[in-house]
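Everything below concerns the one structure shown next.
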Amino acid sequence: MQSAAATRPAPPRRDPLVQIVSRSVVLPQTNIDTDQIIPARFLSTTTREGLGRHAFHDWRWLADGSPNPDFPFNRPENAGRTILLAGCNFGCGSSREHAPWALRDLGLRAVVSSGIADIFRNNALKNGLLPVVLPEPVVQMLMRRPDDELEIDIATRELRTPDRQVFHFPLDDFARTCLLEGVDELGWLLARENEIRLYEERFHAR
Amino acid sequence: MTGHPPKTMYDKLWDAHVVVPESDDAPAVLYIDLHLIHEVTSPQAFDELRARGLRPRRPDLTKATMDHSTPTLPPGPDGRLPYASEASERQVGQLARNCAEFGIELFDFGSDRRGIVHVMAPELGLTRPGMTIVCGDSHTSTHGAFGALAFGIGTSEVGHVLATQCLLQRKARTMAITIGGTLAPGVGAKDVILHVIGKIGVGGGTGHVIEYRGPAVRAMDMEQRMTLCNMSIEAGARAGMVAPDDTTFEWLARAPRAPKGEAFERAVAYWRSLASDEGAEFDVEVHIDASEIRPTLTWGTHPGTAIAVDAPIPPANDPVARKGLDYMGFQPGETLKGKRVDVVFVGSCTNGRLRDLREVAGVLRGRRVAPHVRMLVVPGSEQVKRQAEAEGIHEVIRAAGAEWREPGCSMCIAMNGDLVGPGQLAVSTSNRNFEGRQGPGARTLLASPLTAAWAAVNGHVADPRELFPSHEQSEVA
């Protein structure tokens with residue numbers, strides 16, 4: 001057993017995510033679904049990489065392939081921004097993890113909304129993309145000030161504005177630890193081997 | 001002893017699968033009984049196993065099929081399947097190689113059990129009451145129709161289940177949706193779930209597991225219950241479920257992979273214990289009277305925009321609603337009834353089962369699809385196709401001028417080359433009407449198989465209750 005374990009590659013650790021400091025890109029639409037984030041026709045890939053150019057594809061690119069100048073991610077002033085402010089129920093629809101892969105590849109580190117769909121939220125956390133849920137009036141206020149440099153602090157679960165407003169957002173202790181320490185969830189599950197084996201024995205006994 | 005406090009079905013399924021209980025510090029470790037995989041959301045998970053030198057913990061509990069990227073046209077003269085792209089073909093091939101390498105049973109081309117993952121697994125009896133079932137696909141909620149806890153997961157979690165047969169989960173809140181009374185002729189499970197989503201909203205189920213209850217649900221057969229549970233995710237719910245009963249057990253008695261003989265009897269006794277206890281409390285309760293549900297379609301670009309076929313499109317109160325209307329090219333106050341239709345799609349994990357195709361054939365028999373309408377009928381699995389062909393359904397569909405295809409997800413997700421053209425209006429029995437879902441620029445009205453077939457014949461959206469004149473008379477009388 002030990003020798004088999006010794007031949008295993010070391011479990012990959014993710015880069016910790018402690019703080020995000022950025023101005024915002026605003027997509028005020030509600031119910032932005034995963035088909036908008038990454039249309040299904042780009043899911044034929046077998047890797048995680050390179051999906052950023054297809055993020056928001058049908059909003060971002062015109063039919064002739066040129067950039068839609070009205071789309072926020074195409075505006076020069078938004079280049080390099082890592083926080084997305086989006087309308088309620090962001091990420092609804094399919095379970096495709098390609099959605100957070102695409103957003104990370106686009107350069108985003110946080111999505112701030114008054115509602116984030118369950119599966120998207122789960123997938124985002126596994127990919128170092130922070131889901132931040134705040135009350136609708138707060139999100140609306142932030143959307144009016146996209147050029148404010150926001151600070152999102154994972155340890156304190158706070159989003160801070162330059163004029164010293166502080167907003168707390170919910171973040172599970174486990175998710176927080178995973179982000180801060182770069183803990184790998186699969187590694188954590190693999191370490192529950194004894195409990196899993198006991199469960200299986202109990203289950204087969206009944 | 002008064003015993004334990006009453007439990008919901010969700011509580012019972014949850015408790016039976018907890019490997020490590022949840023705490024403030026960490027989510028629960030939940031054991032997974034059945035893991036289904038397909039070609040689109042699994043390749044990166046297998047790569048993860050390889051990168052870590054891991055093998056699947058329980059390869060016998062994972063079953064694979066191919067459905068999303070697969071062509072629905074038969075092989076060409078050269079014997080090759082007409083894939084939409086090399087990437088699609090490569091992806092399907094990679095699933096076959098991964099299954100071979102890791103010892104996972106695959107229902108491949110050539111198997112008479114291949115099909116849309118949420119159609120083939122229940123047919124086989126892989127899906128059973130009391131199970132936890134996951135798949136890298138949000139419509140995994142379908143399997144809840146059997147009294148299973150079934151939900152969609154991402155690709156990282158596909159890797160977690162392959163490697164450990166477990167998932168990290170926080171317990172969800174519960175919502176009971178009770179459908180009282182009886183459905184009118186021409187109104188089916190699809191109309192019920194569209195009505196429900198319209199009522200609670202496209203995010204109304206977020207964080208919740210829904211249990212569908214009440215006389216109208218009890219009266220549904222398994223195929224209708226699957227349609228109902230299938231679209232739970234369209235209300236944002238984690239899962240949807242229906243307590244198992246004799247209808248469930250009759251289905252399973254015929255399913256080849258379900259337990260047999262004495263083992264089946266023992267299983268039934270356990271399955272009967274799964275229903276929510278009398279007096280069990282739900283976090284949210286919703287009551288709907290079946291008689292208020294009319295044939296229902298969507299007018300906008302998410303499934304929450306559901307209205308009755310003869311109801312006016314609501315006013316646009318904000319720029320977001322305006323955007324949906326602009327995309328669809330509709331005006332507030334108009335009805336969907338009468339809208340000229342370009343494409344009709346029958347199929348998908350929502351409505352690609354035998355019952356759905358029988359309903360469609362019932363409408364098309366002796367009638368023609370309107371000349372300007374392209375109609376595609378795609379069985380949900382090889383079994384559905386075989387049974388439908390044994391009943392002559394394919395001949396009715398072809399005689400009416402519609403296309404009869406090979407099984408797969410097809411035009412629901414439009415990954416395989418089956419597309420609705422830009423600007424075209426489609427009536428679809430599928431589950432999502434998002435912008436571009438059925439092809440760039442495509443406009444989708446979600447509807448029941450009856451409504452879809454009746455629209456195909458009329459060339460515009462029409463009220464399927466017209467097919468039941470006795471019902472109208474009884475209403476008038």
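The values are calculated or read from the model by the stated rules, or taken from the named source; none is laboratory data. Since the model is a prediction, treat every value here as computed from it, not as a measurement. Cβ: placed from backbone, ideal geometry, glycine included. Neighbour counts: every protein chain shown.
Computed quantities for the displayed model
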| read-out | value |
| --- | --- |
| Residues of the stretch B:195-233 that turn out to be assigned to a loop (DSSP other than H, G, I, E, B) and acidic (Asp, Glu), as a count | 1 |
| Members of the stretch A:72-108 that are closer than 27 Å to A:Pro137 by Cβ, surrounded by 20 or more Cβ atoms within 10 Å (Cβ to Cβ) and basic (Lys, Arg) | A:Arg81 |
| Positions within the stretch B:226-250 being of a type in the set (Val, Ile, Thr) and more than 20 Å from B:Gly207 (Cα to Cα), in sequence order | B:Thr227, B:Thr247, B:Thr248 |
| Subset of the stretch B:256-278 (residues that are without any contact (Cβ under 8 Å) to a residue 40 or more places away in the chain and in a helix (DSSP H, G or I)) | B:Gly261, B:Glu262, B:Ala263, B:Phe264, B:Glu265, B:Arg266, B:Val268, B:Ala269, B:Arg272 |
| Odd one out for B:Val192 among (1) assigned to a helix (DSSP H, G or I); (2) at the interface with chain A (Cβ under 9 Å from one of its Cβ atoms); (3) closer than 25 Å to B:Gly304 by Cα; (4) β-branched (Val, Ile, Thr) | (2) |
| Residue ID - farthest from the other protein chains (Cβ to nearest Cβ), chosen from residues in the stretch A:138-189 that are part of a helix (DSSP H, G or I) and of a type in the set (Phe, Trp, Tyr) | A:Trp188 |
| Meets criteria (under 30 Å from B:Leu124 (Cβ atoms) and either within 14 Å of another protein chain (Cβ to nearest Cβ) or touching a strand residue (DSSP E or B) at 6+ places or on another chain (Cβ under 6 Å) (or both)) for B:Ala269 | yes |
| Residue check, B:Gln165 within 14 Å of another protein chain (Cβ to nearest Cβ), out of contact with any Lys or Arg (no Cβ under 6 Å at 6 or more places or on another chain) and either in contact (Cβ under 8 Å) with a residue 60 or more places away in the chain or closer than 16 Å to A:Arg121 by Cα (or both) | no |
| Extreme residue, farthest from B:Ala172 (Cα to Cα), among residues of the stretch B:275-285 that are buried (at least 18 other Cβ atoms within 10 Å of the Cβ) and not polar (S, T, N, Q) | B:Ala275 |
| Qualifying positions in the stretch B:65-76 - buried (at least 23 other Cβ atoms within 10 Å of the Cβ) and not polar (S, T, N, Q) | B:Met66, B:Asp67, B:His68, B:Pro71 |
| Matching residues, the stretch B:1-59, being closer than 20 Å to B:His139 by Cβ, part of a loop (DSSP other than H, G, I, E, B) and more than 8 Å from chain A (Cβ to nearest Cβ) | B:Ile32, B:Asp33, B:His38, B:Glu39, B:Ser42 |
| Options B:Leu81, B:Leu30: the member that is in contact with a Phe, Trp or Tyr (Cβ under 8 Å, 6 or more places away or on another chain) and over 30 Å from A:Arg202 (Cα atoms) | B:Leu81 |
| Listing of helices (runs of 4 or more DSSP H) fully contained in the stretch A:23-133 that carry 1 or more residues being aromatic (Phe, Trp, Tyr) and within 13 Å of chain B (Cβ to nearest Cβ) | A:57-60, A:98-105, A:118-125 |
| Residue within the stretch B:434-446 that is modelled with pLDDT of 95 or more and more than 14 Å from chain A (Cβ to nearest Cβ) present | yes |
| All strands (runs of 3 or more DSSP E) inside the stretch B:77-173 with 2 or more residues being more than 21 Å from B:Cys412 (Cβ to Cβ) | B:105-107, B:166-169 |
| Unique residue being more than 29 Å from B:Pro407 (Cα to Cα) and either touching a residue at least 24 places away in the same chain (Cβ under 8 Å) or touching a Gly at 6+ places or on another chain (Cβ under 8 Å) (or both) when the list is B:Glu22, B:Glu39 | B:Glu22 |
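Residue-by-condition table, conditions (1) buried (at least 19 other Cβ atoms within 10 Å of the Cβ); (2) in contact (Cβ under 8 Å) with a residue 60 or more places away in the chain:
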{"site": "B:Gly333", "(1), (2)": "no, no"}
{"site": "B:Lys337", "(1), (2)": "no, yes"}
{"site": "B:Arg340", "(1), (2)": "no, yes"}
{"site": "B:Leu364", "(1), (2)": "yes, yes"}
{"site": "B:Pro371", "(1), (2)": "no, yes"}
{"site": "B:Gly380", "(1), (2)": "yes, yes"}
{"site": "B:Glu391", "(1), (2)": "no, no"}
